[in-house]
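The values are calculated or read from the model by the stated rules, or taken from the named source; none is laboratory data. None of these values were measured; they are calculated from a predicted model. Here the Cβ positions follow ideal geometry from the backbone for every residue, glycine too, while neighbour counts run over all protein chains shown.
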Amino acid sequence: MPVAGSQIVKLLPGKRPCKDCGFPTCFAFAMKLASGGTTVDKCPYLSEETKAKLVDLLAPPMKLVTIGSGENAVQIGNEEVVYRHEKTYVHPPGIALLISDKESETEIEEKIKKINELQFSWVGLTLEPDLLALYFQSGDKDKFIALVKKVYESTDRGMVLISEDIEALFSARDICADRNPLIYPITKENVEQAIPRIKEKPTPIGIRGESVEGLVPLTTKLKDAGIEDVVLDPGSKNLMEAMRDQTFIRKATLKQGFRPLGYPTIAFPCFIAKDGLKEIMAASAFINKFAGVIVLSDFDQYSLLPTLIQRLNIYTDPRFPMGVEEKYYEVLEPDEYSPVLVTSNWALTYFLVSSAVEATKIPAYVCVKDAEGLGVLTAWAAGKFGGDSVGAAIKKCGIADRVKHRKLIIPGKAARIKGELEDALNLEWEIIVGPKETTALGKFLPEFAKSLRK
Ligand code: SF4
């Protein structure tokens, strides 16, 4: 819930426009603060107490929390809207794979291999899981510590450390503190004992309440102690409760501006679902309904891929179709006699065309024209895939320097741009109208590629 300038101005000194902040009046300064265009310290007449109040008032309603470090760091939270169609969700949930210290060496090795190697190329992006959640379940502290050490040495991925034994939890944290692990659970029973230990080596912490209401005194106590990298678990016992709790937390934070719940959440399909399929379905619900970290007991490529695609789709800005960069792309290893195709930059269109070309095993160049993420026919109808603009893109991308021939295949659905495109390219290129559907490239491309080498 954005803060209004009128709320802020009440806290300002209201001196006759002294303009020391660089704005003509206190109200102008307040409006700029509300929009994030300046900072509190620009007014020299604020008491420390007022400054703190203003900083608190202006803080994003939901905290941004980072788990892990370096290129494998996962950022969660800092969301601004309850419903995706209002704007966009910005920080996709981290998908974590659970390893219990009760699992065998072979199972542990396999799971580490999965987190290190399981990834998918999708519309030009790499989709992969993010975190390992290490679970102290055996009752043998040495075993848990050995697991944490093994994972620490075998992967750079971020970690979630799960232990009801607080000594084991902080011993594990000490091994991998430089990787910024999330430590869980901090509860009302252990919070007093935990606070000094957290402050020794600050890393994000996961707090568990017996209910949403039970989280409030915990976050308040932690905030008073200066600890704000917090992730919430309302302790939901089943999926229905979890959906209710996640929704309550999100709405209280973003619609009511209730700061004590203004943190991302963690969800455990691994503990609340009864079998693998239900677990993946629960993960899907948590992607839609606001979880910041989702912990799964296991996955394979068949269950993980749809989960990651769903996450991508939900966290893609609904106002802008996904597009790829305007340039030429090499499919397989094309040379100077390879075919050149042109298409629009909707990610799905590019993915379909390049996959269809790859399936023919004919190396080729696919030139992509920026059409603001629209498919070919829609882009043409919207005036974003006309002969002039496609011609300009072909000239700009430099494909003429890569091939000796001058034959350019346009999509069959954009056949009408042929004449205009020839003119735009100064009649230097022969424009070939390709198939209307990418599926027909399998028949069309091999024959055409042969003709280029005659
Ligand atoms: Fe008001 Fe402070 Fe700006 Fe002076 S410096 S105009 S008191 S906000």
Which of (1) among the hydrophobic types (A, V, I, L, M, F, W, C); (2) surrounded by 15 or more Cβ atoms within 10 Å (Cβ to Cβ); (3) out of contact with any Asp or Glu (no Cβ under 8 Å at 6 or more places or on another chain) does M240 not meet, given it meets every other one? (2)
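Here's the yes/no breakdown for (1) on the phi > 0 side of the Ramachandran plot; (2) within 12 Å of the ligand (Cβ to nearest atom):
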{"site": "V3", "(1), (2)": "no, no"}
{"site": "K15", "(1), (2)": "no, yes"}
{"site": "A28", "(1), (2)": "no, yes"}
{"site": "L46", "(1), (2)": "no, yes"}
{"site": "L54", "(1), (2)": "no, yes"}
{"site": "K63", "(1), (2)": "no, no"}
{"site": "N72", "(1), (2)": "no, no"}
{"site": "N78", "(1), (2)": "yes, no"}
{"site": "V82", "(1), (2)": "no, no"}
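Could you check segment 30-44 and list, in sequence order, the residues that are basic (K, R) and either more than 8 Å from the ligand (Cβ to nearest atom) or closer than 12 Å to A4 by Cα (or both)?
K32
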Test D20 against the criterion of being of a type in the set (D, E), within 14 Å of the ligand (Cβ to nearest atom) and either in a loop (DSSP other than H, G, I, E, B) or in contact with a Cys (Cβ under 7 Å, 6 or more places away or on another chain) (or both), and give yes or no. yes
The correct count of residues that are closer than 21 Å to F27 by Cβ, acidic (D, E) and touching a residue at least 40 places away in the same chain (Cβ under 8 Å) in segment 39-89 is 1
Checked pairs for segment 122-141, first farther than 15 Å from V295 by Cα, second small (G, A, S), C-beta under 8 Å and 6 or more apart or across chains, list as V123/A347; G124/A347; L127/S121; Q137/S100; S138/S100; K141/A168; K141/S171
If you check A34 against the conditions, is it under 21 Å from Q256 (Cα atoms) and in contact with a Pro (Cβ under 8 Å, 6 or more places away or on another chain)? yes
Checking the structure you have, find out if any residue of segment 262-280 is more than 30 Å from K188 (Cα to Cα), modelled with pLDDT of 95 or more and touching a Ser or Thr at 6+ places or on another chain (Cβ under 8 Å). yes
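Per-residue answers, yes or no, for (1) touching a residue at least 12 places away in the same chain (Cβ under 8 Å); (2) touching a helix residue (DSSP H, G or I) at 6+ places or on another chain (Cβ under 6 Å); (3) not β-branched (V, I, T):
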{"residue": "G257", "(1), (2), (3)": "yes, no, yes"}
{"residue": "Y263", "(1), (2), (3)": "yes, no, yes"}
{"residue": "D275", "(1), (2), (3)": "no, no, yes"}
{"residue": "I294", "(1), (2), (3)": "yes, yes, no"}
{"residue": "S297", "(1), (2), (3)": "yes, yes, yes"}
Only one of (1) more than 28 Å from R179 (Cβ to Cβ); (2) touching a Gly at 6+ places or on another chain (Cβ under 9 Å) fails for P264. Which number is that? (1)
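Listed here are the residues, each with its yes/no results for (1) under 19 Å from the mean Cα position of the chain (by Cα); (2) more than 16 Å from L348 (Cα to Cα); (3) in a helix (DSSP H, G or I); (4) in contact (Cβ under 8 Å) with a residue 12 or more places away in the chain.
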site	(1), (2), (3), (4)
E279	no, yes, yes, yes
I287	yes, yes, yes, yes
I309	yes, no, yes, yes
F320	yes, no, no, yes
Of the residues that make up segment 416-424, is at least one touching a Lys or Arg at 6+ places or on another chain (Cβ under 7 Å), surrounded by fewer than 23 Cβ atoms within 10 Å (Cβ to Cβ) and not charged (D, E, K, R)? no
Close pairs from segment 12-25: first over 19 Å from V55 (Cβ atoms), partner outside any loop (DSSP other than H, G, I, E, B) and near the ligand (Cβ under 6 Å from one of its atoms), Cβ under 7 Å, at least 6 apart: G14/C26
Which residues, taken from segment 346-359, are of a type outside the set (A, V, I, L, M, F, W, C) and crowded, with 20+ Cβ neighbours inside 10 Å? T349, Y350, S354
So the strands (runs of 3 or more DSSP E) completely within segment 41-128 holding 2 or more residues that are surrounded by 14 or more Cβ atoms within 10 Å (Cβ to Cβ) and modelled with pLDDT of 90 or more are 64-67, 74-77, 94-100
Quick check on my filter: what residues within segment 54-79 are more than 12 Å from the chain's Cα centre (by Cα) and small (G, A, S)? A59, G68, S69, G70
